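*Asks:* Quick one: the structure is below, and I'll ask about it shortly.
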Amino acid sequence: MLFKLFITGTKSRLRCTSVMSSLNEAKKLAAYRAVDEHVLDGHVVGIGSGSTAVFAVNRLAERFKQENIKIKCIPTSFQSRQLIISHGLPLIDLELQPELDVCIDGADEVDRNLTLIKGGGGCLLQEKIVASCSKKLVIIADYTKDSQKLGEQYKKGIPIEVSPMAYVPIKMRIERNFGGTVVLREAVMKAGPVVTDNGNFILDWRDYNPDYDWKSVNLELLQMPGVVETGLFVDMAEIVYFGMKDGSVKITPHPNNYVDKIC
Ligand code: 5RP
């Protein structure tokens, strides 16, 4: 009996390890291809946050050393700043360089219009600022992020960064105006809420109507006092690279070839 349990446990651990390695392989494929196709010598590059962005930084560091490309990197979070520094890449900021050539970042989910959910790692505010200052936003992701509609696969909700004093009224207003459930994101190794790199809280909005017009929902959310930024990236991504299970890369350009920019 004990032996049977041991075998079953080992089998499920092996299955889990092989899923993880296939996901990591997919992330790496997408990241390497996107960096190779979009980063040129002399570029100012926005560095996204999350586990897929790590592969992009690895590739940038390889090219920086092997091809001697001159790039400058702008981080989108504390994590990506640390990645840039630890890989010996040139670090710069928006004060010195307010326009970027390209920003390479991950996503939690991508729908058929290339509307993104971002902020699973809590870095949505700086990610959106840096992306909005870039000539193009290139998204890198594994095959589990590729959806027809938002919420199809990513069940943790749409992240919304809010001023701490306003989290309860904002939660109530979103639930009343749009339906669904809004939860305050709790920290894992700390009692209490997640506090972002900017000192704010994150609300995760779940069980929303997947057929919403995300452009207008996003604008309405942004008008609520206390909402700092949303993890809805509408008409921002120019192209998405999905690493697939079979080792290929699916490349999806924005359907209208149209992207919003503030810079
Ligand atoms: C962080 C983000 C990340 O890009 C997103 O969560 C994807 O992360 P990963 O590459 O680890 O799946 O938006 O705020």
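Values in this text are rule-based calculations from the coordinates and carry no lab data. What you are looking at is a predicted structure, and each value in this text was computed from that prediction instead of being measured. Because the Cβ atoms are built from the backbone with ideal geometry, glycine has one as well, and the counts that use them run over all protein chains shown.
*Asks:* Given a Förster radius of 35 Å and the C-beta distance between D211 and S248 as r, what FRET efficiency does 1/(1 + (r/R0)^6) yield to the nearest 0.05? Write down the numbers at each step before the final one.
*Replies:* Values: r = 30 Å, r/R0 = 0.87.
After rounding, the FRET efficiency stands at 0.70.
*Asks:* Then there is this: Return the calculated 222 nm mean residue ellipticity for the chain, to the nearest 500 deg cm²/dmol, obtained by summing -39500 (n - 2.57) across DSSP H runs with n ≥ 4 and dividing by the residue count. Intermediate values should be presented prior to the final figure.
*Replies:* Numbers: 6 runs with 92 residues, N = 263.
Per the formula, -11500 deg cm²/dmol.
*Asks:* Note down the relative contact order for region 158-231 as a percent, whole number, built from C-alpha pairs under 8 angstrom at least six residues apart.
*Replies:* Numbers: 112 pairs, mean separation 34.7, N = 74.
The normalised contact order for region 158-231 reaches 47 percent.
*Asks:* Okay, next question. How about K156: which aspartates and glutamates have a C-alpha closer than 13 Å to its C-alpha, ignoring those fewer than 8 places off in the same chain?
*Replies:* The reachable aspartates and glutamates, counting only those whose Cα sits under 13 Å from K156, are D108, E109, E186, D204, D207.
*Asks:* Need one number: convex hull volume per residue for region 158-231, Cα atoms only, in Å³.
*Replies:* Details: hull volume 6.4 nm³, N = 74.
In region 158-231, the Cα convex hull volume per residue is 87 Å³.
*Asks:* May I ask which residue of T252, Y241, A191 lies farthest towards the positive end of the charge dipole of region 120-263, with charges of +1 (Lys, Arg) and -1 (Asp, Glu) on Cβ and the Cα centre as origin?
*Replies:* About the Cα centre, the residue reaching furthest to the positive side is A191.
*Asks:* List the GluC sites (Glu not before Pro) within region 125-232 that DSSP assigns to loop and that have no more than 13 neighbouring Cβ atoms inside 10 Å. Display every interim value, and only then the final one.
*Replies:* On the way: sites: E127, E152, E161, E175, E186, E220, E229; in loops: E152.
For GluC sites (Glu not before Pro) across region 125-232 that sit outside H, G, I, E and B with at most 13 neighbouring Cβ atoms in 10 Å, the list reads E152.
*Asks:* Can you tell me the relative contact order of the chain? Whole percent, Cα pairs under 8 Å, sequence separation 6 or more.
*Replies:* Worked out over the chain, it gives 21 percent.
*Asks:* While we're looking at this one, here's another question. Which one, D246, D146, D41, has the greatest fluctuation when you compute a Gaussian network model over the chain with C-alpha springs under 10 angstrom?
*Replies:* With Cα springs under 10 Å in the chain, the top fluctuation among D246, D146, D41 is at D246.
*Asks:* Mind listing the long-range amide H neighbours of V182? Cut-off is under 5 Å, sequence gap 5 or more, other chains count too, H placed in the peptide plane at 1.01 Å from N.
*Replies:* For V182, the qualifying residues are R206.
*Asks:* Roughly what % of Cα-Cα distances in the chain sit above 33 Å, to the whole percent? Provide the component values of the computation, followed by the final result.
*Replies:* Details: 7652 of 34453 pairs.
More than 33 Å apart: 22 percent of the Cα pairs in the chain.
*Asks:* Next question. From the residues V102, I85, C123, which one has its Cα farthest along the dipole of region 76-210 in the positive direction, the dipole being from +1 and -1 charges on Cβ of Lys/Arg and Asp/Glu about the Cα centre?
*Replies:* Sorting the options by dipole projection puts first C123.
*Asks:* Evaluated at 37 °C with a viscosity of 0.692 mPa s, what Stokes-Einstein diffusion coefficient in µm²/s does region 67-182 have when Rh comes from the Kirkwood expression over alpha-carbon pairs? Provide the component values of the computation, followed by the final result.
*Replies:* Working: Rh = 16.2 Å.
The Stokes-Einstein estimate is 203 µm²/s.
*Asks:* Quick check for me: using +1 on Lys/Arg Cβ and -1 on Asp/Glu Cβ, what's the dipole size of the chain about its Cα centre, in debye to the nearest 20?
*Replies:* Details: 32 positive and 32 negative charges, 197 e Å.
Dipole about the Cα centre, nearest 20: 940 debye.
*Asks:* Then there is this: Cα centroids of region 209-237 and region 112-138: how far apart, whole angstrom?
*Replies:* About 12 Å separates the Cα centre of region 209-237 from the one of region 112-138.
*Asks:* So, in nm, how far is label K156 from label V168 when the simple model puts each one 7 Å beyond its Cα toward the Cβ?
*Replies:* 2.7
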